[in-house]
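Here is the structure we will look at.
The values are calculated or read from the model by the stated rules, or taken from the named source; none is laboratory data. Because the structure is predicted, anything quoted here is derived from the model rather than measured. As a convention, Cβ positions derive from the backbone with ideal geometry for all residues, glycine included, and neighbour counts pool all protein chains shown. All accessible areas refer to the heavy atoms of the entire protein, side chains included, with ligands and DNA or RNA removed. Shrake-Rupley method; radii C 1.70, N 1.55, O 1.52, S 1.80 Å.
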Amino acid sequence: MPFNLVLYKLRRDLYPRLIITILPTDLSAVSKKKEMMGDMTNLGSLMAAVMFVWAIFGQLFPQKFQTDIMKYVNKVVSYVYPYVEITFHEYQADSWFERSKAFVSIERYLSTNSSNRAKRLKANVVKDCESVVLSMDDYEEVTDEFQGIKIWWTSSKSIPKQQALFSYRGEEEKRYYRLTCKREHRDIITKVYLQHVLDEGKAIAVKTRQRKLYTNNKSESENWSGYRRNMWSHIIFEHPSTFDTLAMDPKKKKEILDDLMMFSKSKDYYKKVGKSWKRGYLLYGPPGTGKSSMIAAMANLLEYDIYDLELTSVKDNTDLRKLLIDTSSKSIIVIEDIDCSLDLTGQRKEKKEETKEEEKDPVRKAEEEKDKKNKGSEVTLSGLLNFIDGLWSACGSERLIVFTTNFVEKLDPALIRRGRMDKHIELSYCCFETFKVLVKNYLDLESHDLFLTISRLLEETKMTPADVAENLMPKSFEENAESCLNKLIQSLENAKEEARLKAVEDARIKAEEEAAKKIEENGEKVQETDAKKSDQDTEMVQVGDGKENGVLTE
Ligand SMILES: Nc1ncnc2c1ncn2[C@@H]1O[C@H](COP(=O)(O)OP(=O)(O)OP(=O)(O)O)[C@@H](O)[C@H]1O
Ligand SMILES: [Mg+2]
């Protein structure tokens with residue numbers, strides 16, 4: 001058995017009881033340290049003796065000499081020591097602020113596979129006390145078995161010699177897991193077992209994770225963790241919309257469902273055709289037709305996180321790129337009301353005009369720049385195009401990018417061309433098929449005598465699914481299905497009458513405008529003919545004059 005494990009076992013025997021330490025997620029370093037000190041006292045005289053010898057050694061020999069001795073001791077030990085040790089640190093040297101992915105995966109793997117074997121456990125209570133996740137406590141050891149091979153896992157931490165007053169991550173305790181196995185199993189452990197642990201850890205994470213809804217922080221906001229600015233803030237995503245509750249034509253719905261499922265299973269296909277694994281959806285239609293509900297349904301179907309990107313809060317294209325890099329895989333990046341977010345449509349045309357004007361008026365140019373800065377965002381159309389399918393968009397994978405708009409015709413064609421927005425989905429006013437889904441969801445009805453009237457009215461007038469849903473929802477305990485349907489019929493008739501009156505009014509305004517235009521045109525014609533007449537008169541007078549003059553001169 002490895003020497004370090006002998007030490008752990010010795011200490012564990014001094015701890016006969018199973019100890020679970022309940023840790024709140026934001027446990028302070030001070031309490032951790034106290035707990036650690038308590039553990040250490042139990043090592044007893046053996047450790048004290050080792051420390052004493054080590055201290056004498058440190059005093060008697062200079063540093064350089066000590067390093068040389070340790071080098072040779074390690075060499076000698078490695079000849080006789082029949083084990084291999086691999087250490088996985090929580091933070092890697094090049095990234096002090098992000099936990100190592102391997103460490104996190106191992107933690108999950110061990111907490112699921114070995115927590116029932118470890119004697120001392122650490123309990124993390126996840127948000128809202130919904131569940132408790134157990135993992136090995138520090139200085140604990142468990143064994144695992146893989147293809148008949150025994151593997152030892154120990155968890156530990158190294159503590160800095162001096163606690164700095166203003167410490168950063170590098171000076172705090174560094175936790176790590178250490179794997180120990182026999183030397184002859186080195187190949188199978190490094191090549192097969194470790195991959196198995198990482199894959200299992202990832203799968204457990206997907207199964208147990210709570211999905212999140214992110215929003216980007218304003219560029220100037222002071223949202224820092226350590227030396228790193230947090231680009232996104234999040235809450236737990238709990239939207240109840242699903243494809244079952246989404247009302248739309250069943251054929252169209254099936255097409256979208258198939259498209260999404262196909263995408264989520266096409267990792268190898270995307271690799272084969274040389275495309276990054278992402279897909280763009282453009283959802284367009286009038287307000288209240290279910291665009292946002294569809295995004296929530298997509299996220300619930302595929303179990304993805306949502307990144308709701310507010311473009312007006314993004315300072316410039318560089319920040320946009322940073323936001324993209326900070327998103328995770330298995331996510332939907334959403335830009336709602338893309339036509340209102342920025343003036344992305346006219347930018348190309350405007351630029352040409354601007355350059356002409358700028359040359360003329362430098363004062364105006366300075367003022368315009370000041371205005372631009374006050375507005376906040378300097379994201380350009382080309383920045384957004386690069387965000388969607390530039391080189392950087394290939395970082396991460398399995399991502400959907402969804403744009404929503406009420407006015408598809410306002411968008412620059414480059415923004416929504418296939419390849420960027422691969423699938424265009426129109427969500428429109430309520431038809432009878434849409435109504436059938438809504439009435440099933442809201443009133444548990446599949447048929448009723450009043451359906452015929454409603455079907456006719458829905459053909460004759462336009463009403464959004466949001467309005468239909470509002471009418472179908474009972475507002476008091478006295479209301480029943482029939483009264484709700486009658487309420488909807490009344491609403492549809494009102495909408496129809498309003499639409500008729502509006503059409504009449506529009507026609508009247510149009511007729512008036514046309515009449516005014518005609519009068520204006522006639523007036524212009526009269527003026528033109530008058531002007532022509534007076535021109536002819538003057539010409540005649542001039543010609544007459546010439547003759548007279550000619551006569552005179554003659
Ligand atoms: N197709 C639909 N199926 C089910 N419910 C719908 C549908 N369309 C709208 N609703 C209902 O109407 C409400 C508003 O819908 P939603 O926010 O999805 O509309 P939207 O198209 O995103 O509107 P906007 O363009 O104003 O953002 C939702 O809460 C939902 O209850
Ligand atoms: Mg919406």
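Elements of the type strands (runs of 3 or more DSSP E) sitting completely within region 132-223 and holding at least 1 residues that are modelled with pLDDT of 85 or more and farther than 30 Å from I306 by Cα: these cover 141-146, 149-158, 174-182. In region 289-302, the residues that are touching a residue at least 40 places away in the same chain (Cβ under 8 Å) and closer than 15 Å to S331 by Cβ reach residues that are within 13 Å of ligand 2 (Cβ to nearest atom) and of a type in the set (G, A, S) with C-beta atoms within less than 8 angstrom, at least six apart or across chains, in these pairs: A296/S241; N300/S241.
Within region 263-280, at least one residue is open to solvent by 30 Å² or more (accessible area, probe 1.4 Å), in contact (Cβ under 8 Å) with a residue 12 or more places away in the chain, away from ligand 2 (no atom under 16 Å from the Cβ) and in a helix (DSSP H, G or I). Checked against (1) farther than 18 Å from G396 by Cβ; (2) more than 16 Å from ligand 2 (Cβ to nearest atom); (3) in contact with an Asp or Glu (Cβ under 8 Å, 6 or more places away or on another chain), G288 passes all but condition (2). For region 310-329, the set of residues classified as part of a loop (DSSP other than H, G, I, E, B) and surrounded by 22 or more Cβ atoms within 10 Å (Cβ to Cβ) consists of V314 only. Within region 404-429, residues that are of a type in the set (G, A, S) reach partners that are within 15 Å of ligand 2 (Cβ to nearest atom) and at pLDDT 85 or above with beta carbons closer than 8 Å, at six or more positions or on different chains, in the pairs S428/G285; S428/P286; S428/T289.
Mind checking which residues of region 478-495 are buried (at least 16 other Cβ atoms within 10 Å of the Cβ) and under 20 Å from P287 (Cα atoms)? Residues satisfying the conditions are L488, S491, L492, A495. Residues in region 453-465 that are part of a helix (DSSP H, G or I), surrounded by fewer than 17 Cβ atoms within 10 Å (Cβ to Cβ) and not acidic (D, E): 3 in all. Inspect region 234-247 for any residue being part of a helix (DSSP H, G or I), touching a residue at least 12 places away in the same chain (Cβ under 8 Å) and not hydrophobic (A, V, I, L, M, F, W, C) and give the result as yes or no. No, because not a single residue in region 234-247 is part of a helix (DSSP H, G or I), touching a residue at least 12 places away in the same chain (Cβ under 8 Å) and not hydrophobic (A, V, I, L, M, F, W, C).
Is one or more of the residues making up region 443-452 outside any helix (DSSP H, G or I), more than 24 Å from I335 (Cβ to Cβ) and either open to solvent by less than 40 Å² (accessible area, probe 1.4 Å) or within 11 Å of ligand 1 (Cβ to nearest atom) (or both)?
We begin by selecting, within region 443-452, every residue outside any helix (DSSP H, G or I); these are 444-450.
Narrowing the set further to residues that are more than 24 Å from I335 (Cβ to Cβ) leaves 444-450.
Pick out the ones that are also either open to solvent by less than 40 Å² (accessible area, probe 1.4 Å) or within 11 Å of ligand 1 (Cβ to nearest atom) (or both) and you get 445, 450.
Among the residues of region 443-452, at least one is outside any helix (DSSP H, G or I), more than 24 Å from I335 (Cβ to Cβ) and either open to solvent by less than 40 Å² (accessible area, probe 1.4 Å) or within 11 Å of ligand 1 (Cβ to nearest atom) (or both), which makes the answer yes.
Looking across region 317-362, the residues that are modelled with pLDDT under 85, away from ligand 1 (no atom under 16 Å from the Cβ) and closer than 18 Å to G383 by Cβ come down to L342, D343, L344, T345, G346, Q347, R348, K349, E350, K351, E354. Yes or no: region 416-431 includes at least one residue that is open to solvent by 30 Å² or more (accessible area, probe 1.4 Å) and part of a helix (DSSP H, G or I). Among the residues of region 416-431, not one is open to solvent by 30 Å² or more (accessible area, probe 1.4 Å) and part of a helix (DSSP H, G or I), which makes the answer no.
From the list K532, K475, which one is farther than 20 Å from C430 by Cα, within 16 Å of ligand 1 (Cβ to nearest atom) and either open to solvent by 80 Å² or more (accessible area, probe 1.4 Å) or of a type in the set (S, T, N, Q) (or both)? Walk me through how you get there before you give the answer.
Details: K532 fails: within 16 Å of ligand 1 (Cβ to nearest atom).
Selected residue: K475, the only one of K532, K475 that is farther than 20 Å from C430 by Cα, within 16 Å of ligand 1 (Cβ to nearest atom) and either open to solvent by 80 Å² or more (accessible area, probe 1.4 Å) or of a type in the set (S, T, N, Q) (or both).
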